[in-house]
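The values are calculated or read from the model by the stated rules, or taken from the named source; none is laboratory data. The structure displayed is predicted, hence computed values, not measured ones. Don't worry about glycine lacking a Cβ; one is built from the backbone with ideal geometry, like all the others, and counts go over all protein chains shown.
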Amino acid sequence: MDGVHRAGVPGVYAEVRDAGRTWRGASGVADVRTGRPVTPDMRQRVGSITKTFTAAAVMQQVEQGRIQLDAPIGGYLPRLVPGERGRKITVRMLLNNTSGIPDYIPYAFPSLQTPSPESLDDNRFRQFRPAELIELGLGAPPTGEPGGPTGVYSNTNYLLLGQLLEQVTGTPAEEYITRNVIERAGLRHTGFPTGPRIEGPHSRMYEALWGLIDPPRDYSVYNMSWTGTGAALVSTMDDLNRFYAKLLDGKIVNRSSLEQMQRTIPVIALDGSTIQYGLGLHKVDIGCGTFWGHDGTVWGAGTISLTRADGKRQMSVAVNLQRWNKPDSSGKPQHHAIDDALSTLHRQAMCGNGNAQAEHPSQAPAFVP
């Protein structure tokens, strides 16, 4: 962890569990101006890790017969996804990112296409409605045919799943997830934000946007309506390990649902890499075993949480800097010492040594959540 801090991340904190033993640690600062240190129990905006919570909530409704995985989404949400698309795209395709619906984020943050950080500041206190973000995604050129052999990661899918939950339960999705996933798992420091500020002890969140913001700017105060059921959750490393342990032990959804969630296909992540993705779960193969979990990033914060298939080894790591890779002359993000330091930390945390090679060891998708 000290290596990650030395490489350029202001603060990093983590919790690792191994066969009943727990290690917590932190290195660096939560505030570069005051020097306030990071601590292992800090709350973090965990980005797309939220998708596992949303997927688990959907699977609970599948178990109760209110949602069918292979039913067309248009049957549930005809106004949001009308016509042929609504008939072709199933709930499963939203969960595993094979819907062909593109991500709305480049359109909600148009300056990213320039690229410029202007939209990040414009949207800091903006209140988005899920329907308007979904409309942006549906209005963009499709990324492929629904149900194709390879998926393309898209936040639009998970906003639609939030609207689906609301439709079938009659309860706002965030409320349903809180009551039936977060509380069922016994998580005490996890929740959807009710305003732009994080409640409880937390770090500032520094966004570099590939060197366009220099020095990196703090975005810890932010209206998270831009990402909702896709990436808005706040949690702690302890809570994340507790959640994935219970999920993979069949305590949040039943074994049949978990089996569905662990059926993976290749999905192109937002950084262009290919990951093995199920229904809200990543599969990561590394020298010391197969791990399940998710990673996530929002402006200034990156988090990864992985649990070994046998449940005995767990790792949750948070950093308070994102998009540190400056582009080269061709526009491709350059390798940075932080990448190597994080990779070493992840391998050490997962395997107890720094030598095992991971299939997808990167901190998080390099674009956005």
**Message:** When you scan region 27-49, do you find a residue that is within 30 Å of Val168 (Cα to Cα), among the hydrophobic types (A, V, I, L, M, F, W, C) and not in a helix (DSSP H, G or I), even just one?
**Reply:** yes
**Asked** Right, Asp214: assigned to a loop (DSSP other than H, G, I, E, B), without any contact (Cβ under 8 Å) to a residue 24 or more places away in the chain, within 26 Å of Asp339 (Cβ to Cβ) and out of contact with any strand residue (DSSP E or B) (no Cβ under 6 Å at 6 or more places or on another chain) or not?
**Response** yes
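Just checking, which of Tyr222, Tyr206 is over 19 Å from Pro40 (Cα atoms), in contact with a Lys or Arg (Cβ under 9 Å, 6 or more places away or on another chain) and of a type in the set (Ser, Thr, Tyr)?
Values: Tyr206 fails: over 19 Å from Pro40 (Cα atoms).
Step by step, each of Tyr222, Tyr206 is checked, and only Tyr222 is over 19 Å from Pro40 (Cα atoms), in contact with a Lys or Arg (Cβ under 9 Å, 6 or more places away or on another chain) and of a type in the set (Ser, Thr, Tyr).
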**Request:** Go through (1) among the aliphatic types (A, V, I, L, M); (2) within 13 Å of the chain's Cα centre (by Cα); (3) in a loop (DSSP other than H, G, I, E, B) one by one and return the number of the condition Leu240 breaks.
**Result:** (3)
**Request:** Determine which member of the set Gln64, Gln113, Gln68, Gln44 is surrounded by fewer than 22 Cβ atoms within 10 Å (Cβ to Cβ) and either closer than 27 Å to Asn320 by Cα or touching a Leu at 6+ places or on another chain (Cβ under 9 Å) (or both).
**Result:** Gln113
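For region 188-205, check the following and say yes or no: at least one residue is under 30 Å from Gly331 (Cα atoms), touching a residue at least 24 places away in the same chain (Cβ under 8 Å), part of a loop (DSSP other than H, G, I, E, B) and in contact with a Ser or Thr (Cβ under 7 Å, 6 or more places away or on another chain). Let's see the steps before the verdict.
In the first step, residues of region 188-205 are kept if they are under 30 Å from Gly331 (Cα atoms); the result is 204-205.
Checking the rest, the ones that are also touching a residue at least 24 places away in the same chain (Cβ under 8 Å) come to 204-205.
Within this subset, residues satisfying the condition of being part of a loop (DSSP other than H, G, I, E, B) are 204-205.
After this cut, where a residue has to be in contact with a Ser or Thr (Cβ under 7 Å, 6 or more places away or on another chain) as well, the list is 204-205.
Yes.
Could you check region 243-278 and list, in sequence order, the residues that are of a type in the set (S, T, N, Q) and part of a loop (DSSP other than H, G, I, E, B)? Don't jump to the end; show me each part of the working.
Taking region 243-278 and keeping what is of a type in the set (S, T, N, Q), we get 254, 256-257, 260, 262, 264, 273-274, 276.
Across region 243-278, the qualifying residues are Asn254, Gln262, Thr264, Ser273.
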**region 29-39: number of residues that are in contact (Cβ under 8 Å) with a residue 60 or more places away in the chain and not aliphatic (A, V, I, L, M)** = 2
**Message:** Which pairs turn up if I take residues in region 161-184 that are in contact (Cβ under 8 Å) with a residue 60 or more places away in the chain and under 10 Å from Thr54 (Cβ atoms) and look for partners that are of a type in the set (Phe, Trp, Tyr) and surrounded by fewer than 24 Cβ atoms within 10 Å (Cβ to Cβ) with beta carbon separation below 8 Å, at least 6 apart in sequence or on another chain?
**Reply:** Leu164/Tyr76; Leu165/Tyr176; Ile177/Phe192
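One line per residue, one yes/no per condition, for (1) at pLDDT 95 or above; (2) at negative phi:
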| residue | (1), (2) |
| --- | --- |
| Gly302 | yes, yes |
| Ala309 | yes, yes |
| Gln314 | yes, yes |
| Val317 | yes, yes |
| Arg323 | yes, no |
| Ile338 | yes, yes |
| Thr344 | yes, yes |
| Ala356 | no, yes |
| Phe367 | no, yes |
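Suppose we filter Leu138, Leu120, Leu112 for residues that are under 19 Å from the mean Cα position of the chain (by Cα), over 25 Å from Asn180 (Cβ atoms) and in a helix (DSSP H, G or I); which single one remains? Give the steps one after another, and end with the answer.
Numbers: Leu138 fails: under 19 Å from the mean Cα position of the chain (by Cα); Leu112 fails: under 19 Å from the mean Cα position of the chain (by Cα).
Every option except Leu120 fails the conditions.
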**Fill in**
Filtering region 280-295 for residues that are at positive phi and assigned to a strand (DSSP E or B) leaves a count of 2
